[in-house]
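Engineer: Here you go, one structure.
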Amino acid sequence: MSALSIEHVSKAYALDGAQRPVLKDINFAVGQNEILAIVGASGCGKSTLLRLIVGLDGDYRGSIVRGDGDTVPAKIGMVFQDHRLYPWLTVEANVDLAFDTSPLPARERREKVQHYIDLVGLSDYSKAYPRQLSGGMAQRAAIARALAQEPGILLMDEPFGALDSILRMRLQEELLAIWEKNRLSIVIVTHDVEEALYLADRVIVMEPNPGRIRDVIPVDLPRPRNRSSMLLTQLKKRCLSMLV
Ligand SMILES: Nc1ncnc2c1ncn2[C@@H]1O[C@H](COP(=O)(O)OP(=O)(O)OP(=O)(O)O)[C@@H](O)[C@H]1O
Ligand SMILES: [Mg+2]
């Protein structure tokens, strides 16, 4: 059962009057409850691909199908590469936006907002505005907002890129805990091969000009994983040999 299927997806951008191919014949499926990581050089179309999946850009060839046609397609949540918080709203109000169309009573809604803010470690900053946060804190607020939507499919575009390595590892653990609890499917774009291998069930390696899939690497290791295990080290070498 797939949560998401991408079939023969190609995309070009117009640049100086010419069509420049950005994605070429992308094919993959994301299983229910699967964590899929995408790594690849800057400019190979990773963010573009997520924008197509989430529906922000409908100008592409091929097909992107949510769900397997039988069940109701899962809600998609997205964490962008830049946090995209509303600068005029506090952290709390930004996260609360996730409940805009929700029928939840006010008290439960407040509790949920607080829960997701606590989860990303921003309890002391719920009344702060984005400009009062560091880059990493703003990114965590954006993660809280996406999680608060309680999506079935979570797309994350380099969500931990701005964080120091300790916090990064902590949030990776949080993400896995949330994933285990909520059984969601996750597609995470990262430039950190170790992060990809630590988190994912499969890692897609892309190459640029035009962006295409070079390899799909299964990571058949039970969780919790040992970051310095032999297999992860071998897989890291394999990934890096394709990327560098
Ligand atoms: N709106 C746009 N108009 C024209 N070209 C674009 C547009 N958005 C992206 N591109 C081009 O598409 C290509 C892929 O961009 P994209 O942002 O998807 O790459 P990426 O893999 O996410 O890179 P990074 O790792 O640096 O975030 C780049 O060459 C970029 O210049
Ligand atoms: Mg990008």
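Engineer: Does any residue of the stretch 82-92 turn out to be in contact (Cβ under 8 Å) with a residue 40 or more places away in the chain and within 16 Å of ligand 1 (Cβ to nearest atom)?
Structural biologist: Initially, the stretch 82-92 is screened for residues in contact (Cβ under 8 Å) with a residue 40 or more places away in the chain, giving 83-89, 91.
Next, from what is left, pick out any that are within 16 Å of ligand 1 (Cβ to nearest atom): 83-84.
Checked the stretch 82-92: at least one residue is in contact (Cβ under 8 Å) with a residue 40 or more places away in the chain and within 16 Å of ligand 1 (Cβ to nearest atom).
Engineer: Within the set of pairs 6+ apart or on separate chains, which have a first residue in the stretch 162-184 that is among the aliphatic types (A, V, I, L, M), a second that is buried (at least 16 other Cβ atoms within 10 Å of the Cβ) and assigned to a helix (DSSP H, G or I), and C-beta atoms under 6 Å apart?
Structural biologist: From residues that are among the aliphatic types (A, V, I, L, M), the pairs are Ala162/Gly136; Ala162/Gln139; Leu163/Gly136.
Engineer: Hey, another quick one. If we scan the stretch 138-153, do we find a residue that is at pLDDT below 95 and surrounded by fewer than 15 Cβ atoms within 10 Å (Cβ to Cβ)?
Structural biologist: For the stretch 138-153, residues at pLDDT below 95 and surrounded by fewer than 15 Cβ atoms within 10 Å (Cβ to Cβ): absent.
Engineer: Restricting the search to the stretch 44-83, which residues are basic (Lys, Arg), more than 13 Å from ligand 2 (Cβ to nearest atom) and surrounded by 14 or more Cβ atoms within 10 Å (Cβ to Cβ)?
Structural biologist: Arg66
Engineer: Right, something else. Is it fair to say Leu176 is more than 16 Å from ligand 2 (Cβ to nearest atom), farther than 17 Å from Met78 by Cα and either basic (Lys, Arg) or outside any strand (DSSP E or B) (or both)?
Structural biologist: On the way: more than 16 Å from ligand 2 (Cβ to nearest atom): yes; farther than 17 Å from Met78 by Cα: no; either basic (Lys, Arg) or outside any strand (DSSP E or B) (or both): yes.
It is false that Leu176 is more than 16 Å from ligand 2 (Cβ to nearest atom), farther than 17 Å from Met78 by Cα and either basic (Lys, Arg) or outside any strand (DSSP E or B) (or both).
Engineer: Determine if the stretch 128-137 includes at least one residue that is in the same structural domain as Val219 (by TED's automatic domain parsing) and not in a helix (DSSP H, G or I).
Structural biologist: Looking through the stretch 128-137, none of the residues is in the same structural domain as Val219 (by TED's automatic domain parsing) and not in a helix (DSSP H, G or I).
Engineer: Turning to a different aspect of this structure: In the stretch 195-231, how many are aliphatic (A, V, I, L, M) and assigned to a strand (DSSP E or B)? Even if it seems obvious, please write down each step before you answer.
Structural biologist: Here is the first cut: in the stretch 195-231, the ones aliphatic (A, V, I, L, M) are 196-197, 199-200, 203-206, 213, 216-217, 219, 221, 230-231.
Within this subset, residues satisfying the condition of being assigned to a strand (DSSP E or B) are 203-206, 213, 216-217.
Total meeting the criteria: 7.
Engineer: List every residue pair whose Cβ atoms sit under 6 Å apart, with the two residues 6 or more apart in sequence or on different chains, where the first one lies in the stretch 47-58 and is at pLDDT 95 or above and the second, anywhere, is among the polar types (S, T, N, Q).
Structural biologist: Ser47/Gln81
Engineer: Name the residues in the stretch 187-213 that are free of Cβ contacts under 8 Å to residues at least 60 places away in the same chain and within 18 Å of Ala29 (Cα to Cα), would you?
Structural biologist: none
The values are calculated or read from the model by the stated rules, or taken from the named source; none is laboratory data. The shown structure was predicted, so the numbers you read here are calculated from the model rather than taken from an experiment. No Cβ is skipped: glycine too gets one built from the backbone with ideal geometry, and neighbour counts run over all protein chains shown.
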